[in-house]
Amino acid sequence: MTASQTELRRIMAALQDRGMTVEAVEDGALVQDGETRVALFAEPHHQGGVIVRLHLDLELYVEEDSLPDILMGMNLLNQGLDYGALNLDPVEVEDEDEDGPLTFAVLGRSVLWLTDLGNPELARLSEHLRRFEQEVTEAVERTLHGSKGLSA
């Protein structure tokens, strides 16, 4: 077992101990606290400790002709987020139809450096994970459903 797998297992166990549902996936874990699932990936940092990357799939998709408006809206939303940011990732097309419009998925992303895997740092990760999910989800819901929000 590699060092990053060992670190990931320790992180997964700590999150389970804090009441979250954690499921191992190919190179990371899916963490569920409530109805939302966040993908978590861990890797050693060159200065010690562990870099933890969080990915939240918001199930929002944007076609390339809408990008200017969406990017402007995302920039405004990101200014109010403390625990993560919204990013666009190109969606890979399964059928070979290259003539169709390029589509992007809107994802919440966050990166956290844990200096070690002791209890204080793992508690900090747990709180960051909870706040990241809550903050990103609330910001997107407010934007999509609020009277002053942008519409995607």
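The values are calculated or read from the model by the stated rules, or taken from the named source; none is laboratory data. Owing to the predicted nature of the structure, the values given are computational and were not obtained by experimental measurement. Here Cβ is always computed from backbone atoms with ideal geometry, including for glycine, and neighbour counts include all displayed protein chains. Each accessible area value is taken on the protein alone, full model and side chains, heavy atoms only, with ligands, DNA and RNA left out. Shrake-Rupley method; radii C 1.70, N 1.55, O 1.52, S 1.80 Å.
Overview of results
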| quantity | calculated |
| --- | --- |
| Residue among 88, 81, 77, 112 that alone is assigned to a helix (DSSP H, G or I), surrounded by 12 or more Cβ atoms within 10 Å (Cβ to Cβ) and not acidic (Asp, Glu) | 77 |
| Residue check, residue 78 at pLDDT 90 or above and in contact with a Lys or Arg (Cβ under 7 Å, 6 or more places away or on another chain) | no |
| Residues satisfying the stated conditions in the range 1-50, i.e. open to solvent by 20 Å² or more (accessible area, probe 1.4 Å), over 17 Å from residue 130 (Cα atoms) and in a strand (DSSP E or B) | 24, 25, 43, 44 |
| Residue check, residue 38 among the β-branched types (Val, Ile, Thr), closer than 22 Å to residue 11 by Cα and within 19 Å of the chain's Cα centre (by Cα) | yes |
| Restricting the range 129-144 to residues that are touching a strand residue (DSSP E or B) at 6+ places or on another chain (Cβ under 6 Å) and open to solvent by less than 20 Å² (accessible area, probe 1.4 Å), the residue that is modelled with the lowest pLDDT | 140 |
| Of all residues making up the range 115-128, the number that are surrounded by 16 or more Cβ atoms within 10 Å (Cβ to Cβ) and part of a helix (DSSP H, G or I) | 5 |
